[in-house]
Amino acid sequence: MELYLLRHGIAEARLPGRPDEKRELTPKGRERLRLVLDVARNAEVGPSLILSSPYPRAAQTAEMAARILNCKQPVALTDALLPGASPEAVWHEIRAHRTEKALLLAGHEPLLGRTASFLLGAASVQVELKKGALLALDIDRFDAQPRARLRWLLTAKLAAAGQRR
């Protein structure tokens, strides 16, 4: 399986009295995310299914990915991608969708970075996904303990630099 971890784009600032789970993408967040997703589309990234945290900023990110990457299935929301979830819960969700050719997960840090480390079998390795970053992994086995291979990592900064050429 091709597995993609996509951190949500830049979101609205935290404001007193406004719950974190209500924050949405900003116009700048959408634009930078579009740059990453355009590069991914040109690299033939084509998820057969997209799973997302139910928080608006992640769900909006997932919907943009579905549109730009031409995913035919509707985005599915899962609590396994909420900020407070565990990498083990994410692995359980991935295993539940093991028949998919390519799966994209849209969510939050530090969960996605911790999940990447867990999937790579290197819990002591620190993986940080910047806002709008896309990480590609390959998974061949779906045993109780994961073992993924890192393919590439694309940040919004790299995508923007490629556009300026």
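The values are calculated or read from the model by the stated rules, or taken from the named source; none is laboratory data. As the structure is a computational prediction, the values presented were derived from the model and not from experiment. Virtual Cβ from ideal backbone geometry, glycine too; neighbours counted across all protein chains shown.
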Kindly check whether there is at least one residue in the stretch 10-33 that is over 14 Å from the mean Cα position of the chain (by Cα), surrounded by 18 or more Cβ atoms within 10 Å (Cβ to Cβ) and assigned to a strand (DSSP E or B). yes
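Got a sec? Which of Leu37, Leu3, Leu15 is of a type in the set (A, V, I, L, M, F, W, C) and modelled with pLDDT under 95?
Working: Leu37 fails: modelled with pLDDT under 95; Leu3 fails: modelled with pLDDT under 95.
After ruling out the rest, the residue left standing is Leu15.
Given Val39, Val45, which one is buried (at least 20 other Cβ atoms within 10 Å of the Cβ) and either in contact (Cβ under 8 Å) with a residue 12 or more places away in the chain or in contact with a Phe, Trp or Tyr (Cβ under 7 Å, 6 or more places away or on another chain) (or both)?
Values: Val39 fails: buried (at least 20 other Cβ atoms within 10 Å of the Cβ).
Result of the check over Val39, Val45: Val45.
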Taking the stretch 121-134 and keeping only residues that are touching a strand residue (DSSP E or B) at 6+ places or on another chain (Cβ under 9 Å) and farther than 17 Å from Leu6 by Cβ, one is left with Gly121
